[in-house]
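The values are calculated or read from the model by the stated rules, or taken from the named source; none is laboratory data. The shown structure was predicted, so the numbers you read here are calculated from the model rather than taken from an experiment. Heads up, the Cβs are rebuilt from the backbone with ideal geometry, glycines too, and the neighbour counts pull from every protein chain shown. Heads up: the accessible areas ignore ligands, DNA and RNA and are worked out on the full protein's heavy atoms, side chains in. Shrake-Rupley method; radii C 1.70, N 1.55, O 1.52, S 1.80 Å.
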Amino acid sequence: MKLTIIGYWGGYPAMDGASTMYLLEKDGFLLVIDVGSGGLVKFQKYRSITEIDAVLLSHYHADHIADIGVLQHARLIQSYITGEEKILPIYGHEEDEKEFEKLNHDYTEAIAYNPHNVLKVGPFFIRFLKTKHPVSCYGMRITDGTSTIIYTADSAFQEEWIKFSKDADLLLAECNFYAGQNASDAGHMTSEDVGTIAKEANVGEVILTHLPHFGNHEDLIKQAEEIYKGKISLAYEGKVWKKEG
Ligand code: ZN
């Protein structure tokens with residue numbers, strides 16, 4: 001499968017950037033994970049909005065769903081222009097009914113995932129882990145049968161991450177704070193937290209994302225590297241991770 005980072009900022013997009021949004025592709029199927037602020041502008045650099053087959057949301061904080069409304073308008077307008085009337089499924093949890101209902105629109109349909117079950121979307125199988133965050137949020141273990149990606153979504157450190165992430169090929173981990181800071185109270189992780197999960201879970205590689213608006217991001221890598229000895233890189237717009245199978 002192929003992962004493209006569309007947006008990686010935590011909280012809100014920096015100038016000309018985008019907050020959390022990722023594209024996963026396999027056999028021509030396009031799954032978008034989270035749809036953050038500025039994400040739709042960036043997405044069109046890589047693929048057209050009408051090509052998206054499904055959307056999957058971790059939680060309903062604005063930096064992960066801000067562009068859902070404009071995505072719905074885009075699909076509506078494209079239906080007039082291109083005649084494309086395919087309904088776009090948007091998968092979300094039902095623990096916030098009001099936010100979940102907003103996923104329904106003329107050409108989008110809200111579909112609830114049961115976080116206790118495996119969700120199949122196109123060629124992807126997704127398991128969920130409830131994260132430690134101020135609102136209900138789910139991390140994901142996504143596999144296409146060949147390779148496996150862990151997406152932490154937003155979360156403070158919790159032991160459960162280690163078992164959940166075991167032997168994954170890639171850990172796409174939020175890293176909103178630097179080593180030594182108190183990330184936990186805000187429901188986020190430090191570089192040390194991510195390094196610990198990566199090491200203990202024996203993941204193949206780490207990409208740090210949901211990056212903070214302060215400090216030097218390179219320091220996040222150095223700090224995580226003191227714990228985890230595998231490959232660590234920073235998310236950036238257009239960054240691609242690929243494993244064929
Ligand atoms: Zn959040």
What is the residue count in segment 170-190 for residues that are among the hydroxyl-bearing types (Ser, Thr, Tyr) and either open to solvent by less than 10 Å² (accessible area, probe 1.4 Å) or out of contact with any strand residue (DSSP E or B) (no Cβ under 7 Å at 6 or more places or on another chain) (or both)?
-> 2
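Could you tell me which of the residues Glu95, Glu109 is part of a strand (DSSP E or B), open to solvent by 60 Å² or more (accessible area, probe 1.4 Å), free of Cβ contacts under 8 Å to residues at least 60 places away in the same chain and not polar (S, T, N, Q)? Reasoning before the result, please.
Numbers: Glu95 fails: part of a strand (DSSP E or B).
So the residue among Glu95, Glu109 that is part of a strand (DSSP E or B), open to solvent by 60 Å² or more (accessible area, probe 1.4 Å), free of Cβ contacts under 8 Å to residues at least 60 places away in the same chain and not polar (S, T, N, Q) is Glu109.
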Give the residues of segment 133-169 that are away from the ligand (no atom under 16 Å from the Cβ), open to solvent by less than 20 Å² (accessible area, probe 1.4 Å), out of contact with any Phe, Trp or Tyr (no Cβ under 7 Å at 6 or more places or on another chain) and touching a residue at least 60 places away in the same chain (Cβ under 8 Å), sorted by residue number.
-> Ser147, Ile149
When you go through (1) within 16 Å of the ligand (Cβ to nearest atom); (2) surrounded by fewer than 18 Cβ atoms within 10 Å (Cβ to Cβ) one by one for Val35, which number turns out not to apply?
-> (2)
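Being β-branched (Val, Ile, Thr), open to solvent by 30 Å² or more (accessible area, probe 1.4 Å) and within 16 Å of the ligand (Cβ to nearest atom) is the requirement here; does Val118 meet it?
Details: β-branched (Val, Ile, Thr): yes; open to solvent by 30 Å² or more (accessible area, probe 1.4 Å): yes; within 16 Å of the ligand (Cβ to nearest atom): no.
So Val118 does not fit the description; no.
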Return the total of residues in segment 191-245 being open to solvent by 30 Å² or more (accessible area, probe 1.4 Å), over 23 Å from Lys2 (Cα atoms) and either in a helix (DSSP H, G or I) or hydrophobic (A, V, I, L, M, F, W, C) (or both).
-> 13
Qualifying residue in segment 23-30 (condition: within 19 Å of Ala153 (Cβ to Cβ), within 16 Å of the ligand (Cβ to nearest atom) and open to solvent by less than 10 Å² (accessible area, probe 1.4 Å)) | no
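What number of residues within segment 121-132 are under 22 Å from Asp27 (Cα atoms) and either more than 17 Å from the chain's Cα centre (by Cα) or open to solvent by 20 Å² or more (accessible area, probe 1.4 Å) (or both)?
First, the residues of segment 121-132 that are under 22 Å from Asp27 (Cα atoms): 121-127.
Add one more test, that the residue is either more than 17 Å from the chain's Cα centre (by Cα) or open to solvent by 20 Å² or more (accessible area, probe 1.4 Å) (or both), and what stays is 122-123, 125, 127.
The number of residues fulfilling the criteria is 4.
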From the set of residues in segment 39-80 that are within 16 Å of the ligand (Cβ to nearest atom) and in a loop (DSSP other than H, G, I, E, B), which is surrounded by the fewest Cβ atoms within 10 Å (Cβ to Cβ)?
-> Tyr60
